[in-house]
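Colleague: One structure is given below, represented as structure tokens, and several questions about it will come after.
The values are calculated or read from the model by the stated rules, or taken from the named source; none is laboratory data. The model shown is predicted, which means the values in this text are computed figures rather than measured ones. Cβ sites come from the backbone with ideal geometry, for glycine too, and all protein chains shown count toward neighbours.
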Amino acid sequence: MAERQREVARRHGQEAQLRIAAMAFETHLGMFVTDAEGRILRTNATFRQITGYAAEEIVGHSPRILNSGRHDDHFYQRMWCAIGDKGSWQGEIWNRRRSGEIYPQWLTISAVKDDEGRITNYVATLSDITERKAAEEEIHQLAFYDPLTGLPNRRLLVDRLESALKESRRSGEYGAVMFIDLDNFKTINDSLGHHRGDELLLIIAERLTAITRETDTIARLGGDEFVVMLHDLGLEADEAAMVAERVGEKLLASLVEPCMLGEMRCQVSGSIGITLFTDDQATVNDILQQADLAMYQAKAAGRHALCFFDPAMQARVMERASLEADLRQALADGLLRLFYQVQVDEEGQTTGVEALLRWEHPERGLVSPGVFIPVAEENGLIVPMGLWVLETACRQLAAWAALPATEHLTMAVNVSRDQFRAPDFVPRLERILAVTGARPERLKLELTETLFLEDSEDTRDKMQRLKGLGIGFALDDFGTGYSSLAYLKRLPLDQLKIDQSFVRDLLDDPTDATIVTTIITLARSLELEVIAEGVESEEHRRWLAEQGCRAFQGYLFGRPVSVEELPLTARQLPVADLEAPRP
Ligand SMILES: Nc1nc2c(ncn2[C@@H]2O[C@@H]3COP(=O)(O)O[C@H]4[C@@H](O)[C@H](n5cnc6c(=O)[nH]c(N)nc65)O[C@@H]4COP(=O)(O)O[C@H]3[C@H]2O)c(=O)[nH]1
């Protein structure tokens, strides 16, 4: 009797447990149970509500049927590793409802094991977090973005500026912050109403966005104040200032474009304050204040202007702008000159010259190409300027070819990367050769390694076409750039030019000496000529000759001079040449 009572009690207990389990299963969380192989055995009502799958549609299937495709294999591997190691995994996951809609859910998967530790089932619980995500998104949007324009607000700008500062400290690259304030926004707002004012701000936001790169930050701080942050502006302050200035000019130009506000045609202008930042100790607040201050200076300077925070930087940018204007004028007025520096062989005989550009400025005097070539390269003036150089040099070559004493001379001409890249470079040079009558075999183009960094197919093709005409190629400043043996072998080069920075110290600096000997050996193995530039003393010449260098250029033999001053004396020319024309 007692045994029967115990059996009834046990059964009641089991039923109660099953009832509890069944109730627990039917919760507000979606649930499904799979077998050890991952086949779905059971789902609850909430699961069906969330996923849209009826029990009969999904039982027997793998949960993969729910995959959204948004996660890669790696994601699922990590999930299964965690379940294997710790017995469970939980996290956010994007799944797909039966309707095809993709939605975010919070998912927990636990492995169920038997008494011997073997996995018998997996139990998953899931909740739809679409609303929570949307709320999070909205909070994020409100907290970090300007509700009118959708641009980042001050908080996000400060955040990004902090990261940019850290990055800049690490890389040493400059960044810039530009404070933009519209000059006459208040008048428009007051006369046309806030609604039109808002429209104008939206137009401005769009224009600023269109001009800047995707990686730049454009923020609206409120009212008519915008900030543009640029980064990765290079390691040189002057260069960074130039890029920032160019972007600033573009922004100013875009602001003054007229726009329609309703029926009204309106025009605004802006004042821009720029400050550069780098690996110094300035804080985010310092930087924003500097840009703000510079912006007030721009306003004080007459509006529709930009101003740098750093007065020295401002002066340099202005100096550069005036240099640029003068240079354009100089090309038009014929104030450029070619100087020539001799190149000699091992006997000291002049074999040719290098043409070097000079600018005779009415006030500045003789301006060095080191100053104005980078400006010309920056503003594109290098293309017409380079053609003038080539034509002048070729005329000189043709004139020398007519005299027995000078007919053997070669002419090396520097050609900048952008000049060589111009699509019509080859036909233009062909025309110059035809017009001047210069012999292409006497012309040598000095190219720099930057030309070979990109688009090498086009470069090689052009070189081969010119080579076909008889023109030679020297690689200038060899060793200072990105020297890659791969391109040395692929390109039709004739000569490597050892940069003067290595030659200068080779007697004192063993590293430079090793570099120079390596270049000479390399040139020999590639069957290229080699010439050392910047040879200033007999000791240098002797050392280089001992290493196998056969051609030299430098102050020891002559500085760059005008054609009239060239030291083409009897000592350097074969006597026979002076007495009788060559056969
Ligand atoms: N300390 C020292 N310097 C020496 C010695 N021998 C020559 N030099 C200088 O070294 C520079 C050699 O020219 P580069 O490497 O082609 O370097 C040239 C070249 O890259 C560029 N350049 C000059 N003319 C032109 C041109 O017509 N077109 C282009 N694209 N660039 C040019 O400007 C650079 C500087 O030209 P320059 O000021 O004329 O400076 C010249 C020359 O005056 C020496 O013994 N000691």
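Yes/no matrix, rows are residues, columns are (1) more than 16 Å from the ligand (Cβ to nearest atom); (2) closer than 19 Å to L387 by Cβ; (3) in a loop (DSSP other than H, G, I, E, B):
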position	(1), (2), (3)
D292	yes, no, no
C307	yes, no, no
V317	yes, no, no
D326	yes, no, no
A332	yes, yes, no
R337	no, yes, no
V342	no, no, no
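Colleague: With the requirement that a residue be touching a helix residue (DSSP H, G or I) at 6+ places or on another chain (Cβ under 9 Å) and either of a type in the set (D, E) or assigned to a strand (DSSP E or B) (or both), what does region 413-437 give you?
Modeller: Correct list: V413, N414, D418, E430.
Colleague: Another one. Hey, any hits in region 561-577 for a residue that's more than 16 Å from the ligand (Cβ to nearest atom), charged (D, E, K, R), modelled with pLDDT under 70 and surrounded by 12 or more Cβ atoms within 10 Å (Cβ to Cβ)? Full working, then the answer.
Modeller: Restricting attention to region 561-577, the residues satisfying the condition of being more than 16 Å from the ligand (Cβ to nearest atom) are 564, 568-577.
Going one step further and asking which of them are charged (D, E, K, R), we end up with 564, 571, 577.
Add one more test, that the residue is modelled with pLDDT under 70, and what stays is 571, 577.
Then drop every residue that is not surrounded by 12 or more Cβ atoms within 10 Å (Cβ to Cβ), which leaves 577.
There is at least one residue in region 561-577 that is more than 16 Å from the ligand (Cβ to nearest atom), charged (D, E, K, R), modelled with pLDDT under 70 and surrounded by 12 or more Cβ atoms within 10 Å (Cβ to Cβ).
Colleague: Here is a follow-up. Six or more apart or on different chains, Cβ atoms under 6 Å: show the pairs whose first residue is in region 282-293 and surrounded by 18 or more Cβ atoms within 10 Å (Cβ to Cβ) and whose second is among the small types (G, A, S) and modelled with pLDDT of 90 or more.
Modeller: A291/G273
Colleague: From the residues in region 34-49 that are surrounded by fewer than 19 Cβ atoms within 10 Å (Cβ to Cβ) and without any contact (Cβ under 8 Å) to a residue 60 or more places away in the chain, which one is nearest to T120 (Cα to Cα)?
Modeller: Going residue by residue through region 34-49, those that are surrounded by fewer than 19 Cβ atoms within 10 Å (Cβ to Cβ) are 35-39, 41-42, 45, 48-49.
Retained after the next criterion (residues that are without any contact (Cβ under 8 Å) to a residue 60 or more places away in the chain): 37, 39, 42, 45, 48-49.
Working: E37: 9, R39: 11, R42: 14, A45: 23, R48: 23, Q49: 26 Å.
This residue is E37.
Colleague: Something else now. Go through region 172-189 and give me each residue that's without any contact (Cβ under 8 Å) to a residue 40 or more places away in the chain and either surrounded by 15 or more Cβ atoms within 10 Å (Cβ to Cβ) or of a type in the set (D, E, K, R) (or both). I'd like the intermediate steps shown before the answer.
Modeller: Of region 172-189, the ones without any contact (Cβ under 8 Å) to a residue 40 or more places away in the chain are 186-187, 189.
Within region 172-189, K186, N189 meet the criteria.
Colleague: Then there is this: Which one is surrounded by the fewest Cβ atoms within 10 Å (Cβ to Cβ), of the residues in region 408-437 that are among the hydrophobic types (A, V, I, L, M, F, W, C) and over 21 Å from I531 (Cβ atoms)?
Modeller: If we filter region 408-437 for residues that are among the hydrophobic types (A, V, I, L, M, F, W, C), which is where we start, we get 409, 411-413, 415, 420, 422, 425-426, 429, 432-435.
If we keep only those that are over 21 Å from I531 (Cβ atoms) as well, we get 422, 425-426, 429, 432-435.
Details: A422: 16, F425: 21, V426: 18, L429: 26, I432: 19, L433: 22, A434: 10, V435: 12.
Among residues in region 408-437 that are among the hydrophobic types (A, V, I, L, M, F, W, C) and over 21 Å from I531 (Cβ atoms), the one surrounded by the fewest Cβ atoms within 10 Å (Cβ to Cβ) is A434.
Colleague: Select from region 255-268 the residues that are exposed (fewer than 14 other Cβ atoms within 10 Å of the Cβ) and part of a loop (DSSP other than H, G, I, E, B) and list them in ascending order. If you could, list the steps in order and put the result at the bottom.
Modeller: Our first condition is that a residue be exposed (fewer than 14 other Cβ atoms within 10 Å of the Cβ); within region 255-268, this holds for 256-258, 260, 262-265, 267.
Hits for region 255-268 are V256, E257, P258, G262, E263, Q267.
Colleague: So A405 clears everything in (1) within 37 Å of the chain's Cα centre (by Cα); (2) surrounded by 16 or more Cβ atoms within 10 Å (Cβ to Cβ) except one condition, right? Which one?
Modeller: Failing condition for A405: (1).
Colleague: Can you pull out the residues in region 440-456 that are surrounded by fewer than 19 Cβ atoms within 10 Å (Cβ to Cβ) and away from the ligand (no atom under 16 Å from the Cβ)?
Modeller: The answer is P440, E441, L453, E454, D455, S456.
Colleague: Looking at region 344-356, which of its residues are within 19 Å of L443 (Cβ to Cβ) and either more than 10 Å from the ligand (Cβ to nearest atom) or free of Cβ contacts under 8 Å to residues at least 40 places away in the same chain (or both)? Explain how you work it out, then say what you get.
Modeller: Step one: filter region 344-356 for residues within 19 Å of L443 (Cβ to Cβ), giving 344-345, 350-356.
Hits for region 344-356 are V344, D345, T350, T351, G352, V353.
Colleague: Moving on to the next point. If you take the residues of region 220-243 that are among the small types (G, A, S) and in contact (Cβ under 8 Å) with a residue 60 or more places away in the chain, which of them is nearest to I180 (Cα to Cα)? Walk me through how you get there before you give the answer.
Modeller: First, the residues of region 220-243 that are among the small types (G, A, S): 222-223, 234, 237, 240-241.
Right, trim to in contact (Cβ under 8 Å) with a residue 60 or more places away in the chain and you get 222, 234, 237, 240-241.
Working: G222: 11, G234: 23, A237: 21, A240: 18, A241: 17 Å.
Of everything passing the filter in region 220-243, G222 is nearest to I180 (Cα to Cα).
Colleague: Something else: Taking region 226-237, which residues are crowded, with 16+ Cβ neighbours inside 10 Å and at pLDDT below 95?
Modeller: Result: H231, D232, L233, A237.
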